[in-house]
Amino acid sequence: MQVTLIWATLAAILTLAVYSFLYKDNPFYKFAEHLVVGVSAAYYLVIYYYNFIDPNVISPIFKLEFGGAPIRILGMQWWMALIPGLLGLLLYARFFPKIGWVSRWALGIYVGGYSGLEIAPVMQARVLDQIRGGSLPLVVPHDPSTSFTNILLVVGLLGTLTYFFFSLKHKGVLGVLARIGIVYIMVGFGASFGYTVMSRISLLIGRVDFLRQVADSWIQWLAT
Amino acid sequence: MRTHSPLVGLALILALCAPVFGAEGETAPPAPGENAPPDPVTLLSARDYLDNNDNGDKIEVTWCLSADDGGGAGDVLEYRIRRSSGPGVAGEVVGTVPAGTTSFLDEGVEPGEAYYYDVAAFDGGSESAPAETGPVTGRRNFFQTSRLPVLVLAALFFAMVLTFTRLAQRGANLFVRRIPGLTAVEEAVGRATEMGRPVLYVPGIGEIDDIQTIASLTILSHVAKITAEYETPLIVPTARSVVMSAAEEVVKEAYAEAGHPDNYSPDNIRYLSDAQFAFAGAVSGIMLRERPAANLYLGAFWAESLLFAETGFETKAIQVAGTANVSQLPFFVTACDYTLIGEELYAASAYLSKEPKLLGSLKGSDWMKVVSIGIMVLGIVLSLFGVTGFAGWFFTQ
Amino acid sequence: MGLLEKFLQIDRRWIFLAIAIAVVVPFFLPMGLPVVVTKPVRDLYNAVDAIPPNSEPLFISVDYAPSTIPELDPMTLAVLRHAFSKDIRVVALTLDPAGYGLAERALESVAREYGKERNKDYVYLGFQPGIAAVVLGMGTDIKGVFPEDAYGTPLSEIPMMDGIRNYDQIPLLITMASSGVIEAWVIYAHQPYGARIGAGVTAVMATDYYPFLDTGQLVGLLGGMRGAAEYEELIKHPDAGVRGMDSQSVIHVLIIVLIVLGNIAYFGSKKRSQEAKEPAA
């Protein structure tokens, strides 16, 4: 018997054990759940060590490598990777009340660094390009359907932005726009909900397909 | 003495002047390669190419056409551009362009390295004497001018946030409208008190540095003060150990401020599991066993959101949720009695705490929305009149 | 208790059973329902199709974990099949450590189908940690971020990678992502460097990225197993995506029917209880 068939069968049994919860909570489900929690914790520990800690901290310090290849930054010294490593360790100081304040330095550098890296591109991608995308012509000559879509989009955009405006009460025109906005938001949520249902069903279909393939393999093996 | 015939004299004069007057057709044109090479190009120059995404790896070489380009002896067929690392060093051909072209873009140079270029005209047989220029170095742009709109808007946003924060610090009354979801939170706690059952508060599964978790802890403080006054048990399960310690501090302080420090029970602030669905299972267990009458889900949630909302719905608890994770909002909206949508979570925490930084950033982002709407509306109005340049200025690619 | 109230109180296990039947039966009784191709998928297909054969390679970033295999694997395989059938070269990489094996498996299985050779028709760069750093680094120098391929061969020794310095030489990069990595590609590759980015995402995330599609930040978008089915339809090579569509359609119809019935039952029973409360005339 092929070894892969044994492992695939084990996976199929565990899948069925998890799905048995749909009928009633039972020891098989509990066993499968505890197994996945334990195995995934160990798996991610190994993944994080070999894919994050080793290439980012251990290798640069001890082997002057980054990602398994020699570092090409001129003048890079081994202790230069030590500093980020120490900052990372400082984050754990928050568990010791007397020196907990030290972790704020590391957190500050981490949050500040990432914010700086993200502000300009996010401002461009999430704000500027969306403003540009929203500045649509309301009347497109000889194209009534695009005109209609543009009007719908612009009205929804203005309404939604107004709904999330907190500096004024939602009264009068603002109130009307906010109401339009919440209708659009709910329609959007409906679409998102539908997509999510589709996604969950797709995952179920994938698992059923897998079970079918395992059953097929068994049938073929038994027939030979 | 007898003189030559005048016709002979005329022919002699014409033969002598033919080269001066360029009489074409009088003599057969020289075959290519037999004659002198074409004239070299003039005014050759090379400079670092400036474009929006310049990495310093492009150099533009320009020249004036060879005198033999476009007719005349030694018609130029193409120009050959060579690049080398030193003057007089034999370089490699990096490109050829047809006759009539006066520029070439050399892509793929190493930024920061000096190069020398020479350009020679080629007529099919021989090359002109090369004209050389250099050294020229490709440099990365210091400032991408196409990104100016980003700088302007970012600077405007920061200015607004800082101004409002400063105003709040000085005690100015910055108006924030009351979020309806907060009333729902207080009603939920009130109902739990009436029924004599606990309140369950789940601050999400985000880390402590997630802004949603921070907003959630602010609201937790407010809820803890109410439960302290009404002596309603408050259960706070967490998925992160650091969030648990932060929640402990917040609840303890809230109970002390409300004047009921002895009602605080540290056993009710529980760290359950880091694993997403293990946490979901454990919280569902709490709901089924301890039967809280009010479930509050405020913070960062992912796929476990539906599990919470469904289980809570089964136990007939009143449920209020709030998250900025857009993909989870539909589940909360469907199964909960009230939902704080996206930014309402942050607005609620700013409204409750009146913390200057929270208020400042809320007001700053509010007025940024006004600016965005203004730009869009202006862009739309101008496009009605056929003016698209305004919106185009924001196109940074 | 009236019929409406009984329906509202129905044991949900009957619904689970109905869904289970709706999933399993179409596998054994395929209906061959047509798959209609939508614009975002067609746009991505056209973008891939426009790449000239045996020239600058298509980059595919396999950024998903095993938990989303049913949705994202079929689209990865479909895009690879499209590329290899047109002799378009492919360079694959991954920003997710769990995606390393998935990328390798997909690449090798499709390459075998089309008789493609590693380092001649396709290159596998493997995994590099530090999402933003990798994406930004590729904008300057790809060989600086991936000095070797996944098997230790220096990129400078692979003829296919000659002249491929940064995004300027990449005609299209498609990311198959089950997390926010796709934002990193748009924000750090498209915005600063003008890289052309396409995406394949789980259906849950698809709605989040439609704004990027509208503004041209994404060239095209495949959403969930449906997106994979549409792409398979375009390349005329039905596989797991199309196979799952029958079940998907049946379950969606079932869910719609249940929602409609549930709403009728809810509003009907509400009206009935209101009428019962009104005093008799």
In whole angstrom, largest first, the equivalent ellipsoid semi-axes that the Cα gyration tensor gives for the protein assembly as shown are 62, 34, 30
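May I ask you to list the chymotrypsin sites (Phe, Trp or Tyr not before Pro) in the stretch C:99-190 that are in a DSSP loop and have at most 12 other Cβ atoms within 10 Å of their Cβ? Display every interim value, and only then the final one.
Details: sites: C:Tyr100, C:Tyr114, C:Tyr122, C:Tyr124, C:Phe127, C:Tyr151, C:Tyr167, C:Trp185, C:Tyr188; in loops: C:Tyr151.
Answer in residue order: C:Tyr151.
Please report the antiparallel percentage of DSSP beta bridges with both residues in the protein assembly as shown, rounded to the nearest 5.
On the way: 32 of 74 bridges.
Around 45 percent antiparallel, to the nearest 5.
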By the Cα gyration tensor axes a ≥ b ≥ c (a/c under 1.5 gives rounded; else a/b larger than b/c gives prolate, otherwise oblate), the shape of the stretch C:39-237 is rounded
Plugging the Cβ-Cβ distance of C:Lys86 and C:Thr38 into 1/(1 + (r/R0)^6) at R0 = 25 Å yields, to the nearest 0.05, a FRET efficiency of 0.70
Diffing the stretch C:123-128: the Karplus 3J(HN,Hα) column from phi (6.51, -1.76, 1.60, θ = phi - 60°), in whole Hz with x for Gly and Pro, holds 10, 10, 7, x, 10, 10
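Please arrange C:Phe59, A:Phe62, B:Phe142, B:Phe122 by how many other C-beta atoms lie within 10 Å of their C-beta, fewest to most. Provide the component values of the computation, followed by the final result.
Values: C:Phe59 27, A:Phe62 11, B:Phe142 5, B:Phe122 18.
Listing C:Phe59, A:Phe62, B:Phe142, B:Phe122 from fewest to most nearby Cβ atoms yields B:Phe142, A:Phe62, B:Phe122, C:Phe59.
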Output for the stretch B:144-226: trypsin sites (Lys or Arg not before Pro) sitting in coil per DSSP, at most 11 other Cβ within 10 Å, listed by number, reads B:Arg170
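Charges at C-beta only: +1 for Lys and Arg, -1 for Asp and Glu. How large is the resulting dipole of the protein assembly as shown about its Cα centre, in Debye rounded to 20?
Values: 64 positive and 86 negative charges, 697 e Å.
Dipole size: approximately 3340 debye.
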So for R0 = 25 Å, FRET eff. of A:Leu222-C:Val25 from the Cβ-Cβ r, to 0.05, ends up at 0.55
Surrounding charge for A:Arg200, neighbours by C-beta under 14 angstrom, Lys/Arg +1, Asp/Glu -1, total -1
For chain C, the longest principal axis of the Cα atoms and the Cα long axis of helix C:69-85 enclose an angle in degrees, to the nearest 10, of 40 degrees
When the charge dipole of the protein assembly as shown is computed with +1 on Lys and Arg Cβ and -1 on Asp and Glu Cβ about the Cα centre, the Cα farthest towards its positive end, among A:Phe62, B:Leu44, A:Gly172, belongs to A:Gly172
Against the 2.2 N^0.38 Å rule of thumb, the C-alpha Rg of chain A sits at a ratio of 1.62
Expressed as a whole number, the average count of other chain Cβ atoms within 10 Å around the Cβ atoms of C:114-125 is 0
Mean separation of Cα contacts under 8 Å (at least 6 apart) over the residue count of chain A, i.e. the relative contact order in percent, is 14 percent
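Set the bar at 29 Å for Cα to Cα. Now go through B:Lys225/B:Lys316; A:Lys171/B:Lys225; B:Lys252/B:Lys354 and name every pair that lies beyond it. The partial results should precede the final answer.
Details: B:Lys225/B:Lys316 25 Å; A:Lys171/B:Lys225 31 Å; B:Lys252/B:Lys354 20 Å.
Distance filter (> 29 Å) returns A:Lys171/B:Lys225.
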Checked the stretch B:180-354 against the a/c 1.5 cut and the a/b vs b/c comparison, axes a ≥ b ≥ c from its Cα gyration tensor; verdict rounded
tail above 27 Å in the computed P(r) of chain B, as % of all Cα-Cα pairs, reads 68 percent
Looking only at lysines whose Cα falls under 22 Å of B:Lys58's and that sit 8 or more positions away or on another chain, we get C:Lys143
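Which whole-number percent is the relative contact order of the stretch C:39-237 (Cα, under 8 Å, 6+ apart)?
Result for the stretch C:39-237 is 29 percent.
Count charges around B:Phe331 for me, please; just the other residues with Cβ under 12 Å from its Cβ, Lys/Arg as +1, Asp/Glu as -1.
Values: positive: A:Arg200; negative: B:Glu304, B:Glu310.
Result for the neighbourhood of B:Phe331: -1.
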The answer for chain B, counting only DSSP H helices whose Cα atoms cover 30 angstrom or more along the axis and whose Kyte-Doolittle average is 0.0 or greater, is B:148-169, B:356-384
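Just want the ordering: C:Met176, A:Met80, C:Met205, from fewest to most Cβ atoms lying within 10 Å of their own Cβ. Mind dumping the intermediate values first?
Numbers: C:Met176 32, A:Met80 14, C:Met205 25.
With the fewest neighbours first, C:Met176, A:Met80, C:Met205 line up as A:Met80, C:Met205, C:Met176.
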For chain A, the helices passing both cut-offs (Cα extent along own axis of 15 Å or more, Kyte-Doolittle mean at least -0.5, full DSSP H runs) are A:3-19, A:27-48, A:103-122, A:144-163, A:172-223
Here, chymotrypsin sites (Phe, Trp or Tyr not before Pro) of the stretch A:1-60 satisfying both criteria (DSSP loop; at most 14 other Cβ within 10 Å) are A:Tyr23
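Please arrange C:Thr153, A:Thr196, B:Thr315 by counting, for each residue, the other beta carbons lying within 10 Å of its beta carbon, fewest first. Don't skip to the end; give the middle numbers.
Numbers: C:Thr153 14, A:Thr196 23, B:Thr315 17.
If I rank by nearby Cβ atoms, fewest first, I get C:Thr153, B:Thr315, A:Thr196.
Given R₀ = 25 Å, what would the calculated FRET efficiency be for B:Glu355 paired with A:Lys171, taking r from the Cβ atoms and rounding to 0.05?
Working: r = 27 Å, r/R0 = 1.07.
That gives a FRET efficiency of 0.40.
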For C:Lys271, the lysines lying under 17 Å Cα to Cα, once residues fewer than eight places off in the same chain are dropped, come out as C:Lys6
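Compute the relative contact order of chain B as a whole-number percentage, counting only Cα pairs closer than 8 Å that sit 6 or more residues apart in sequence. Display every interim value, and only then the final one.
Working: 710 pairs, mean separation 54.7, N = 397.
Relative contact order for chain B comes out at 14 percent.
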Total charge of the residues flanking A:Thr162 in space, meaning their Cβ is under 13 Å from its Cβ, with Lys and Arg +1 and Asp and Glu -1, is +3
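Taking a cut-off of 19 Å, what percent of all Cα-Cα pairs in the stretch C:167-219 are separated by more than that?
On the way: 235 of 1378 pairs.
Cα-Cα pairs of the stretch C:167-219 separated by over 19 Å account for 17 percent.
Any read-out appearing in this document is the output of simple, stated calculations on the displayed coordinates, not a laboratory observation. Since the structure is predicted, the reported quantities are computational estimates derived from the model, not experimental observations. As a convention, Cβ positions derive from the backbone with ideal geometry for all residues, glycine included, and neighbour counts pool all protein chains shown.
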